[in-house]
Structure formats: structure tokens, C-alpha cells
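What follows is a set of notes on a single structure, which appears directly below.
The values are calculated or read from the model by the stated rules, or taken from the named source; none is laboratory data. In this text the structure is predicted, and so the values were computed from the model without any measurement. Here Cβ is always computed from backbone atoms with ideal geometry, including for glycine, and neighbour counts include all displayed protein chains. What goes into the accessible areas is simple: the full protein's heavy atoms, side chains included, and nothing from ligands, DNA or RNA. Shrake-Rupley method; radii C 1.70, N 1.55, O 1.52, S 1.80 Å.
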Amino acid sequence: GDKSAAFDIDSIEQAEFKPFAKRLNIGYELAPIWIRLRVTPGTQSASAADNLPSGHLVLRTGPHDVNQIDVYEFNNGKWRRRTAGDLYSDSETWCADDYYCFRLHDHSTQPKTLYLRIQTYNFLMFDSDVIALENIPVVSSNRMKRIAASLTMAAFLLAIGFYLLSKHRSKLTVVYVIFQISVLSYLLNIYGFPERWFPHLSASILDAMPRL
């Protein structure tokens, strides 16, 4: 972590990085975290490359409740920054699921380097991958299925709680129902549903909701 906030995009190129594979488990870390991604586009024929839209490689990052993700890509002679995160309500960076997607501007077949600066006050377990544009629907669909499964299970357990509560009201059943409501609410929040349902709410309120 950049505990003294000493690095910027001009100095980070000289820093030493530890290798990781797609998922980064940090835990609670308030200092900014810098990630370096080496991108090696797949080889394609010239005709196939011409048929792909500009930005056919997509950087996909998550989870949704990361506060701030700055993506630096070198393009047209300078570093260009784009920002996403649950404190930045920009729907242009949303994937179809709860992750963030950035189309890369440089779609040449040459290897390239991206830098990510992450800062969050939540538990940090960060995923990042560069995927071909045509594969994004499949990847997002698989994640949406997992999200649907977890929400369905939480809703089912809550329904059991209400059923037990209707049959026998006790402190135990009341506590169970309250707990399951909090679990379902937490899942909805970390998956970014309130941000999509209530786009006019301030980002700071939406960010605080999972911790309420």
C-alpha cells in the first residue's frame, strides 16, 4: 500500500510490484493500492482486427463496493485516467452485472501496461481482468447467475423466518428474521442494486448503506 500517498502516475513506473493472479486479497487497508497489469492482446488476422470496434479489449474490475478505482492507460503519448467506484455514479463504467468495465482505447496488438490505483474503506478483495469485448456478455452472465443464486437463497431463508414467526412468535424467531433481513439488505447493497434503483441518491449515502 502507498501509506504515505507518495506515488502518482509519473513515479509509480519505478516502483516494485508483487505478482498476483486476477484476485487481490488485502483486507482492511486505508492507504491507496497500486496495481500494474500487463496486457498481451491475442494475435488476430488483420481482417478480423478491422471488424472489431475501437476498444475491443475491456478491463473488468470489482467488486462493486470498492470506493474508488483510477485506471491509467497510456494513449496518444500520455497517461489518461478514468475513475469508477461506488462513490462515483457513472453508469458508463457499469458492466451488466455489479462490476466495472473500461474499454481500452489502445486496441493495438502490442503488449501494454495499465496502472490501477484503488482506495476503499471497505474490506478489499479486488478482482481485475482484461477480456475481449465479445466475451463480456458470457462473463457477466455467469456472475449474474451467482448473484441471483445468493439472493434467492437469502430470500428463501427470510421466507422461512417469516413462516416460523407466523407459527410461533418468540425472541429467537424475531432475531432470526431481523438477521436474515440484514443479510438480504447487505447483499443487495454490495451488489449495487440501490445505486441502480435510486440513481438520484448521493453516492456517500449509497456507500454507507451496507454498514447501517
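What the table below lists for this structure:
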{"quantity": "Qualifying residue in segment 93-105 (condition: modelled with pLDDT under 85 and over 24 Å from residue 185 (Cα atoms))", "calculated": "yes"}
{"quantity": "Residue within segment 150-167 that is under 24 Å from residue 59 (Cα atoms), part of a helix (DSSP H, G or I) and under 25 Å from the mean Cα position of the chain (by Cα) present", "calculated": "no"}
{"quantity": "Residue in segment 180-199 that is open to solvent by less than 50 Å² (accessible area, probe 1.4 Å), under 21 Å from residue 25 (Cα atoms), at pLDDT 90 or above and β-branched (Val, Ile, Thr) present", "calculated": "no"}
{"quantity": "Residue check for residue 127: buried (at least 17 other Cβ atoms within 10 Å of the Cβ) and of a type outside the set (A, V, I, L, M)", "calculated": "no"}
{"quantity": "Residue tally, condition open to solvent by less than 30 Å² (accessible area, probe 1.4 Å) and part of a loop (DSSP other than H, G, I, E, B), over segment 66-89", "calculated": "4"}
{"quantity": "Hey, residue 169 farther than 29 Å from residue 66 by Cα and out of contact with any Gly (no Cβ under 6 Å at 6 or more places or on another chain) or not", "calculated": "yes"}
{"quantity": "Any hit, segment 20-32, residues being more than 22 Å from residue 68 (Cβ to Cβ), at pLDDT 75 or above, open to solvent by 60 Å² or more (accessible area, probe 1.4 Å) and in a strand (DSSP E or B)", "calculated": "no"}
{"quantity": "Residue among 177, 139 that alone is among the aliphatic types (A, V, I, L, M), buried (at least 16 other Cβ atoms within 10 Å of the Cβ) and in contact (Cβ under 8 Å) with a residue 60 or more places away in the chain", "calculated": "139"}
